[in-house]
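Take a look at the structure below.
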Amino acid sequence: MGVPQKTRRNVRRLRELLVGRKTMLIAMQDHPDPDAVAAAGALRAIANSVGGIACSLAHGGIIGRAENRALVRYLGLNLRPLEALAAERFDLVALVDTQPGTGNNSLAPHAKVDIIFDHHATRPASVSAPFRDIRRRYGATSTILYEYMQALGVAVDAPLATALCYGIRSDTQDLERDTTQADVDAYLALYPLANKR
């Protein structure tokens, strides 16, 4: 699977934003689903690889479904309650699978958001973010983040490949709903790396 031109163009801007930063808060939607969890894990891998950035992953609400809790455990993610963290204490704040002003995340309305990755319609509050990649046509945010990992040469280990596969499958209902060729290509590339159990 080749990396789309849009991703290749954006990689340089993302790298410039990450270099020299030490900490990043990666916030997900409240009650995050597998796509949000996988995308957050992928962005953490990118930030660790490109800039050596220490990341805190956070969300509001709970992770209710047993299989989603198992996914978080399998990935070894230390997810934190968003309300327990002060966004202004981080060098960068990122949102994955959500945007400012959607009402589905617990990030304070006044918090400055630096990075947004999402596959839903662009919200007005998102346009002020220094970096955003919002692809409404894509079936999953996991697909977008996988393209960045490819473009940046960031290795995808078995747990993250498993999460990204699961994120794509769950958000596209087994590649049958709102699916693009990019989602299919990402899934097919990740599947051989994933833990099938």
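The values are calculated or read from the model by the stated rules, or taken from the named source; none is laboratory data. This structure is a prediction, so every number in the text was calculated from the model and none was measured. So basically every Cβ, Gly included, is an ideal-geometry build from the backbone, and we count neighbours across all protein chains shown. Accessible surface is based on the protein model in full, side chains and every heavy atom, while ligands, DNA and RNA are left aside. Shrake-Rupley method; radii C 1.70, N 1.55, O 1.52, S 1.80 Å.
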Computed [θ] at 222 nm, deg cm²/dmol, the chain (DSSP H ≥ 4; -39,500 (n - 2.57); rounded to nearest 500): -12500 deg cm²/dmol
task: Write down the accessible area per residue of the chain in Å², having rolled a 1.4 Å probe over the full set of protein chains.
output: 47 Å²
task: Using label points projected 7 Å from each Cα along Cα→Cβ, tell me how many nm separate residue 80 and residue 54, to one decimal.
output: 0.9 nm
- prompt: For the charge dipole of the range 70-174, defined by +1 on Lys and Arg C-beta atoms and -1 on Asp and Glu C-beta atoms about the Cα centroid, which residue among 109, 71, 155 has the Cα displaced farthest towards the positive pole?
  reply: 109
task: Could you tell me the convex hull volume per residue, in Å³, taken over the Cα atoms of the range 153-197?
output: 70 Å³
message: Starting from 0.36 nm per residue, how many nanometres of slack lie between residue 70 and residue 193 once their C-alpha separation is accounted for?
response: 42.4 nm
task: Let me see the pair-distance distribution of the chain: every alpha carbon pair, 10 Å bin width, integer percents in order.
output: 10, 41, 40, 10, 0
query: Label points 7 Å out from Cα along the Cβ direction at residue 157 and residue 12: separation in nm?
result: 3.2 nm
- prompt: Where Lys and Arg each count +1 and Asp and Glu each count -1, what net charge lies around residue 49 among other residues with Cβ under 12 Å from its Cβ?
  reply: +1
- prompt: In whole angstrom, how long is each semi-axis of the equivalent ellipsoid of the range 52-140, when you take the square root of 5 times every eigenvalue of its Cα gyration tensor and sort them from largest down?
  reply: 22, 17, 13
statement: Heavy-atom accessible area of the chain with neighbours in place, 1.4 angstrom probe: carbon+sulfur share in percent works out to 48 percent
Whole-angstrom Cα spans of the range 7-80 along principal axes, big to small: 38, 24, 20
- prompt: What's the local net charge at residue 116, with K and R +1, D and E -1, over the other residues with C-beta under 15 Å away?
  reply: +2
query: Along the charge dipole of the chain, Cβ charges K/R +1 and D/E -1, which of 56, 141, 37 sits furthest on the positive end?
result: 56
